[in-house]
Amino acid sequence: MERMNYEDIKTADPEVFKWIQKEVEREEETINLIASENFASLPVLSAQGSVLTNKYAEGYSFARYYGGCQFIDQVEKIAIERTKELFNCEYANVQPHSGSQANMSVYFSTLKVGDAFLAMDLRAGGHLTHGSSVNFSGKFFKPYFYGVDKKTETIDFNIVEDLAKKHKPKLIVCGYTAYPRKVDFKTFSEIASRTEAYLLADIAHIAGLVVAGLHPSPHPFTDFTTTTTHKTLRGPRGGIVMCKNKFAKQVDSTVFPGIQGGPLMHVIAAKAIALHLASTNEFKKYQEKVIANAKVLADSLKKLGYRLVSDGTDTHLVLVDLRPQGITGKDTVEILKKANICINKNTIPFDPLSAKLTSGIRLGTPSVTTQGMGEKEIELIVSFIHSALTNRNDDKKLEQIREEVKALCKKFPPY
Ligand SMILES: Cc1ncc(COP(=O)(O)O)c(C=O)c1O
């Protein structure tokens with residue numbers, strides 16, 4: 001990562017510099033299969049390091065509480081226009097600092113404290129902000145949960161509708177953290193309209209696939225759509241909330257002054273740049289490769305006897321059930337770490353183990369695809385994973401795999 005010498009940090013603060021340098025090396029020498037991560041593009045990184053971080057801009061474009069906003073007003077306007085065009089939505093607010101705050105803005109726009117909503121259980125693939133008891137969404141509101149069908153490990157819409165009829169949630173949430181299959185927004189919207197609930201699609205993971213036209217769009221089916229900008233979308237760490245025009249005022253006032261203060265204008269500029277890059281043909285081709293690589297990942301794992309949740313993937317991620325191998329997700333993370341392969345443990349549907357141990361792992365292809373890796377490299381990575389797990393007690397072998405991983409990474413520098 002030649003461009004990343006950070007000389008100014010080195011001079012000002014050698015202590016922090018040391019750790020940044022170590023992280024640069026880690027990213028250069030590790031195969032990253034964490035499905036929610038990516039390598040942000042250089043213009044996105046540059047915008048985040050720009051002087052826009054200096055500007056306070058409470059309020060919205062052309063209606064701010066601070067002077068000097070005439071230029072960043074344009075930036076925020078561009079980010080909003082690009083979101084609307086790319087996602088084909090009626091209204092957008094680009095200020096949420098994160099995906100969690102984008103979701104929070106929808107909950108506080110639609111629910112009162114104690115109101116019921118329906119979402120997927122965290123253990124089946126939902127997100128913490130979809131009603132977990134340790135999260136604001138589970139503390140302030142009353143979540144009811146749907147999961148997946150035991151046999152197909154996909155959503156059973158009859159169950160979703162039965163739960164919606166029984167509990168009368170004000171809001172139904174779809175879109176997930178660890179669900180390898182496409183989400184049928186249309187059917188969700190039909191259920192929401194029959195049960196008089198608002199519909200929120202949280203497309204944090206699949207946003208890049210959606211804008212590339214490789215996953216069905218949530219629009220025009222949802223009342224609200226939230227996303228992060230740093231996963232398949234390849235933008236800066238942050239969130240966006242989209243909605244129908246009729247909810248615009250409510251969403252804007254919930255984001256600011258409801259739950260946030262001044263917007264991060266350097267991040268909003270980076271979001272605008274990422275959205276521009278996501279509108280190109282090159283980005284579409286990139287997303288096609290992300291999905292193709294995920295399919296090769298799934299097929300190669302299956303050939304070696306691994307069981308995949310729902311038997312495969314339509315997206316950028318696969319969930320592996322490691323019970324047949326007799327290894328927990330937690331141990332797998334540690335074993336693969338020794339081989340410089342970075343993954344995360346994940347519960348699988350009906351997991352008998354806790355979220356700390358887990359029976360599964362989640363693997364995704366956005367980062368390695370950004371590096372330019374293709375089918376051949378994915379097959380090689382699967383052989384590394386299999387070899388590491390088979391030889392998990394042989395430190396010498398793990399070291400040998402680590403050297404091979406480093407050699408592969410060297411051929412595909414992310415920057
Ligand atoms: C589906 C989903 N929604 C929301 C979030 C929260 O995003 P953030 O970490 O930016 O708060 C995530 C993060 O992984 C996610 O997967």
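Structural remarks
- Extreme residue, positive dipole direction of the chain, given options A207, L297, P143 (C-beta unit charges): P143
- Remark: region 52-57, residue by residue, has Karplus-estimated 3J(HN,Hα) of 4, 5, 6, 9, 7, 9 Hz, where x stands for each Gly or Pro and the curve is 6.51 cos²θ - 1.76 cosθ + 1.60 at θ = phi - 60°.
- Dipole magnitude of the chain, debye to nearest 20 (Cβ charges: Lys/Arg +1, Asp/Glu -1, about Cα centre): 580 debye
- Measuring against 24 Å, Cα to Cα, the residue pairs K285/K376; K284/K330; K139/K244; K18/K330 contain K284/K330; K139/K244; K18/K330 as the ones spanning a longer distance.
- Protection proxy ranking, highest mean first, for peptides 216-222, 301-307, 366-372, 70-76: 366-372, 216-222, 70-76, 301-307, where packing is the per-residue count of other beta-carbon atoms within 10 Å, averaged.
- Computed magnitude of the charge dipole of region 46-278 (debye, nearest 20; Cβ of K, R +1, Cβ of D, E -1): 220 debye
- Residues I78, I172, I343, sorted so that the one with the fewest Cβ neighbours within 10 Å comes first: I78, I343, I172
- Relative contact order of the chain, pairs being alpha-carbon contacts under 8 Å that are 6 or more residues apart, as %: 22 percent
- Antiparallel DSSP beta bridges within the chain, as percent of all bridges there, nearest 5: 55 percent
- Taking other C-beta atoms within 10 angstrom as a stand-in for reagent exposure, I259, I385 fall in the order I259, I385, fewest first.
- Entries in K231/K356; K356/K397; K150/K302; K55/K170 that, when Cα-Cα distance is taken, lie over 31 Å: K55/K170
- Which of I159, N32, Y179, positive extreme of dipole for the chain (C-beta unit charges): I159
- Whole-Hz Karplus values for region 335-344 come out as 5, 5, 4, 5, 9, 6, 10, 9, 9, 10 Hz, taken residue by residue from phi with 6.51 cos²θ - 1.76 cosθ + 1.60 and θ = phi - 60°; glycine and proline positions read x.
- Pairwise centroid distance, computed over Cα atoms, of region 167-215 with region 273-334, Å: 20 Å
- Taking other C-beta atoms within 10 angstrom as a stand-in for reagent exposure, F157, F256 fall in the order F157, F256, fewest first.
- Remark: region 147-152, residue by residue, has Karplus-estimated 3J(HN,Hα) of x, 10, 5, 4, 7, 8 Hz, where x stands for each Gly or Pro and the curve is 6.51 cos²θ - 1.76 cosθ + 1.60 at θ = phi - 60°.
- Here r is the Cβ-Cβ distance between K142 and Q250 and R0 is 25 Å; the resulting FRET efficiency, rounded to 0.05, is 0.75.
- The dipole here belongs to region 1-151: it is taken about the Cα centre, uses +1 on the Cβ of Lys and Arg and -1 on the Cβ of Asp and Glu, and is about 720 debye.
Rule-based calculations on the coordinates, nothing more; no lab input. On a predicted model such as this, the values are computed, not experimentally measured, just so you know. With ideal geometry, Cβ positions are generated from the backbone for all residues, glycine too; neighbour counts draw on all protein chains shown.
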